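What follows is a short report on a single structure.
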Amino acid sequence: MERLRSAADLAALKDRIRQQPHRRLTTLCLCDTGCRALGSVPVREALQKEFAALPELAATLRFQRTGCHGFCEAGPLLAVRPEGILYVRVKAEDVPEIVQATLKGEVVQRLLYVDPATKQPVRLERDVPFYRNQTRLVFRHCGQIDPESIEDYLALDGYEAIAKALAEMTPEQAIAEVTASGLRGRGGAGFPTGKKWQLCRASAGDTKYLICNADEGDPGAFMDRGVCEGDPHAIIEGMLVGAYAIGCNHGYIYCRAEYPIAIQHLAKAIADAEALGFLGDNILGSGFSFHLKIKQGAGAFVCGEETALIGSIEGRRGMPRTRPPFPAQAGLFDKPTNINNVETFACVPPIITRGASHFASMGTEKSKGTKIFALAGKVKNTGLVEIPMGATLRQIVFDIGGGIPKDRQFKAAQMGGPSGGCVPAQYLDLPIDYDSLQEVGAIMGSGGLIVVDEDTCMVELARYFLDFVQSESCGKCVPCRVGTRRMLEILTRITKGQGKEGDVDLLEEIGRTVKIGSLCGLGQTAPNPVLSTIRYFRNEYEAHVRDRRCPARVCRDLVAYTIDPEKCIACGKCRKVCPAEAIEGEKKVKHKILQDRCVRCGACFDACPVDAVLVA
């Protein structure tokens, strides 16, 4: 394909692509990014082998690799399009049966998702509860296209937004459209995107930079990864609109090196976009030029902060700096710089093509559009979820997530990543938006959402997240460097049964000091898991400190297992599962736990059929 020189060239190319005969064929769409962890590679190889062995298939059927479909719990996933049939937990040996059934217009019933409520198989993807309750805007292409094919992107609405912006809008009008949409930054802070662009445009300077922050470092979060791997051209197109709006000709995608598939797909997308003229000089004959590079990060959590990220691109250690000046005034190489995250840029193309009012029609008064969450933890349906702002936690966890495994009780959700906050069960019906979450001590963050059940110790949960944040602290400012370490020491003592009266109050005092005195957002939010769990689960902290007891039976130093001789039936099941050989007693002889050997793992408690194992 030749380099496009005008919007008319683009329209003609899109028409030719859409008329390609293979686009009218039934297509087997395999998730081959995130599902690789579940075995999609053997499935892909089996499909390739099947099509190679049966060349006649090419006349009626085709196979297409796609990005993440979102429903990670049920992978590997294979969808039959346009029919919309969804197969779950597909294995390589299922491929011949799927191919033959598709050719006959039939369905492989045993591979369909079974709705746990009705116990009936669900034929269509759109009827699966996980998808039925979502609004997929940013993810509209993921699972539909081959992320390494620019033609697939162009066959849909690809690069129509930048063509419209260049042909019909001034930079100021593009900013006004984004402002009217109500789009707020999806990286966590929620700053209005249009206002951010306007500040950078208003800054003096001939050279400006645009950066996409794909340094997704939250444990359990993979929203940006899903977009980078499944729809990389949407990010590039969003950046093109942003660059045109602020008057910028150079950009970077800062992506962590731990995302090799994302980097591979982004690099291919950039090369293809350059070849067709969407990147480079004189884009679509408009006179506007934009050059884009990938910068691989080394995996430092602090580099998610804007100024630390800028320092990393410049070749320095990723450490935040004081502000002002703000990046919009003096950022990368001391030039005006605008930074948005992956999801923010991916929202821009539909805002331009469909209009600001379409985006603004979703969400709440102050939080517009949709938001992607990485649903993980103690929930049946883990994966990537996209919902309108204002949806409730109950809708995400129960309607989409399917509820808690083994019918256990929902206890809380950790929202906003390791520096986010805990949202307890009493707020299950709280509308999820930027402001309401702040009111209950949590933050939206980039979209991490980890569900915990009744068997979770909230003190240990807070210690776990603080341990991560403390180890990721760059150490530049004293409140974060020293304060988080002191908090971690106190939490560790408490979970080991060495807590003292006043420790909980001291944690709150240090936490407030760290929030107020830290230099960057990492330090300012680092105490959130501790402060929010104290706020809602103070009784658990007090049980650890005063009673030397862990109510959830998680902290091993605070748990002791014994066997009730009156209940013990001497079946030997507890002895068989004990990893430390800490249980004595033969069959038909009452068992006893040797406390000096017991590692307090709880395996005996779970294995006992008559509840003879007691925990104190």
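Computed from the coordinates by the stated procedures, all read-outs in this text should not be read as laboratory data. Computed from a prediction, not measured in an experiment: that's the story for all the values here. For neighbour counting, all protein chains shown are included, and Cβ atoms are generated from backbone atoms with ideal geometry for every residue, glycine included.
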Q. When the helices in the chain are scored as -39500 (n - 2.57) per DSSP H run of 4 or longer and the sum is shared across all residues, what 222 nm value do you end up with, to the nearest 500 deg cm²/dmol?
A. -11000 deg cm²/dmol
Q. Based on Cβ point charges of +1 for Lys and Arg and -1 for Asp and Glu, what charge dipole magnitude is obtained for the chain about its Cα centre, in debye rounded to the nearest 20?
A. 960 debye
Q: Kindly express, to the nearest 10 degrees and within the range 0 to 90, the angle between helix 503-517's C-alpha long axis and the longest C-alpha principal axis of the chain.
A: 20 degrees
**Q.** For segment 242-278 and segment 455-528, distance of Cα centres in Å
**A.** 37 Å
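Using Cβ counts within 10 Å as a stand-in for footprinting exposure, how do Ile569, Ile563 rank, fewest first?
With the sparsest Cβ surroundings first, the list reads Ile569, Ile563.
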Q: Could you state, as a whole-number percent, how many of the C-alpha pairs of segment 370-453 are farther apart than 22 Å?
A: 11 percent
Q. Kirkwood hydrodynamic radius of segment 1-90 from all distinct Cα pairs, in Å?
A. 14.8 Å
Q | Column: log10 I(q)/I(0), Debye, Cα scatterers of segment 305-379, q = 0.16, 0.18 Å⁻¹ | A | -0.81, -0.87
Q) Once the Cα gyration tensor of segment 396-543 is found, what semi-axes does its equivalent ellipsoid get, as square roots of 5 times the eigenvalues, in whole Å, sorted largest first? A) 25, 19, 12
Q) Taking neighbour Cβ counts within 10 Å as the exposure measure, how do Arg538, Arg225 sort from fewest upward? A) Arg538, Arg225
Q: Quick one: which residues, 5+ away or cross-chain, put their amide H under 5 Å from the amide H of Val122? H built at 1.01 Å from N.
A: Tyr113, Val114, Asp115
Q. Using modelled amide H (1.01 Å from N, peptide plane; none on Pro or chain starts), what sits under 5 Å from the amide H of Asn341, excluding residues fewer than 5 places away?
A. Arg186, Gly187, Asn213
**Q.** Equivalent ellipsoid semi-axes, segment 338-383, via Cα gyration tensor eigenvalues times 5, rooted, Å
**A.** 25, 14, 10
(Q) Residue by residue through segment 26-32, what is 3J(HN,Hα) from phi via Karplus (6.51 cos²θ - 1.76 cosθ + 1.60, θ = phi - 60°)? Round to whole Hz and write x for glycine and proline. (A) 5, 10, 8, 9, 9, 5, 10
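Please give the charge dipole size of segment 463-529, origin at the Cα centre, charges +1 on K and R Cβ atoms and -1 on D and E Cβ atoms. Round to the nearest 20 debye.
Approximately 200 debye in magnitude.
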Q: For the chain, build the charge dipole from Cβ charges (+1 Lys, Arg; -1 Asp, Glu) around the Cα centre, then report which of Ala257, Pro327, Ala52 sits farthest towards its positive end.
A: Ala257
Q. Which order do Thr33, Thr118, Thr337, Thr533 fall in if you start with the one that has the fewest other Cβ atoms within 10 Å?
A. Thr118, Thr33, Thr533, Thr337
Q | As computed over segment 560-615, the Cα convex hull volume per residue (Å³) | A | 63 Å³
Q) Any number yet on Rg/Rh for segment 520-581, C-alpha, Kirkwood? A) 1.22
(Q) Taking 2.2 N^0.38 Å as the expected size of a compact globular protein, what ratio does the Cα radius of gyration of the chain give against it, to two decimals? (A) 1.06
Q) Taking a ≥ b ≥ c as the square roots of the eigenvalues of the Cα gyration tensor of segment 147-295, is the shape rounded (a/c under 1.5), prolate (a/b larger than b/c) or oblate? A) oblate
Q. Based on the Cα atoms of segment 466-523, what semi-axes does the equivalent ellipsoid have, where each is the square root of 5 times one gyration tensor eigenvalue, given in whole Å with the largest first?
A. 21, 13, 7
Q. What number, in nm² with one decimal, is the all-direction average of the projected area of the convex hull of the alpha-carbon atoms of segment 474-563?
A. 6.0 nm²
Q. Given labels modelled 7 Å from the Cα in the Cβ direction, how far is it in nm from Asp564 to Arg132?
A. 4.3 nm
